[in-house]
Amino acid sequence: FEQRLVSANKPPLPVLSCIRDFEIPTHFVPPMRSEKCVDYLKDVHAYRAYNTGLVDVRYDVRQDRCVFLIKKDGKVVDAVGRTLRGEKPKWWRYGKSRSGFYVGRSGFDRVVVVEDVPSACAICDMPSRIDGYALLGTHVLSEHVSDLQKYKSVVVCLDKDATRKAIDIAKKLC
């Protein structure tokens, strides 16, 4: 929504918008500027997805994080970064989007739903025609359900400690 000020002599002017587009900070640089960032991408099997353009990755020089840009309809709406120092929190959400993280090629009708971005990237590294979708946790939001409805086949594959949650999510998506 947008608020406007009204003046007797002038037309209304926009003041603030409560919902803003995500702007990529200037301290996000290409991942090649950090050997640790590149090593991390290779270690978690996300380097190929980055190198082939399936995912957009940056390095946060301020927080020492490998940052994955979250896109919706080709537009950057948020970012999520993994610490490269081993500190808490391990993952940092930079914006306020409720979107999941999609990685893949358009036109596929199968998707594997996982918890984190590197797992979604690894799904796309397989030779089969499958997309990856990271929930960025274990909660399914209405935005996730909306994103996943376009697929004919959805496989939920969460970590072992979230088995019960995976079953619940699968039921929600049926």
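The values are calculated or read from the model by the stated rules, or taken from the named source; none is laboratory data. Owing to the predicted nature of the structure, the values given are computational and were not obtained by experimental measurement. Note that we place each Cβ from the backbone using ideal geometry, even for glycine, and neighbour counts take in every protein chain shown. When the accessible area is computed, the model is the full protein with side chains, heavy atoms only, and any ligands, DNA or RNA have been set aside. Shrake-Rupley method; radii C 1.70, N 1.55, O 1.52, S 1.80 Å.
Considering only residues of segment 131-174 that are of a type in the set (S, T, N, Q) and part of a helix (DSSP H, G or I), which is modelled with the lowest pLDDT?
Of everything passing the filter in segment 131-174, Thr163 is modelled with the lowest pLDDT.
Can you tell me which residue is farthest from Val80 (Cα to Cα) among those in segment 31-53 that are in contact with a strand residue (DSSP E or B) (Cβ under 7 Å, 6 or more places away or on another chain) and open to solvent by 40 Å² or more (accessible area, probe 1.4 Å)?
Per the stated criteria, the residue is Arg33.
Determine which single condition Ser128 fails, assuming it passes every other condition in (1) assigned to a loop (DSSP other than H, G, I, E, B); (2) polar (S, T, N, Q); (3) surrounded by 19 or more Cβ atoms within 10 Å (Cβ to Cβ).
(3) is the only condition that Ser128 fails.
If I go through segment 92-113 residue by residue, how many of them are outside any loop (DSSP other than H, G, I, E, B), open to solvent by 10 Å² or more (accessible area, probe 1.4 Å) and not charged (D, E, K, R)?
Matching residues across segment 92-113 total 3.
Pairs only if they're at least six apart or on different chains, beta carbon under 7 angstrom, first in segment 79-104 and more than 30 Å from Gln149 (Cα to Cα), second among the acidic types (Asp, Glu) and open to solvent by less than 60 Å² (accessible area, probe 1.4 Å); list them, first residue then second.
Thr83/Asp64; Leu84/Asp64; Arg85/Asp64
So Ser153 ticks every box in (1) in contact (Cβ under 8 Å) with a residue 60 or more places away in the chain; (2) open to solvent by 20 Å² or more (accessible area, probe 1.4 Å) but one. Which box is left unticked?
(1)
Spot the failing condition for Ile123; the list is (1) within 12 Å of the chain's Cα centre (by Cα); (2) in a helix (DSSP H, G or I), and only one is missed.
The number of the failed condition is (1).
Just to verify a result, which residue in segment 66-103, among those that are over 9 Å from the mean Cα position of the chain (by Cα) and of a type in the set (Gly, Ala, Ser), is nearest to Cys124 (Cα to Cα)?
Ranking the candidates gives Gly74 first.
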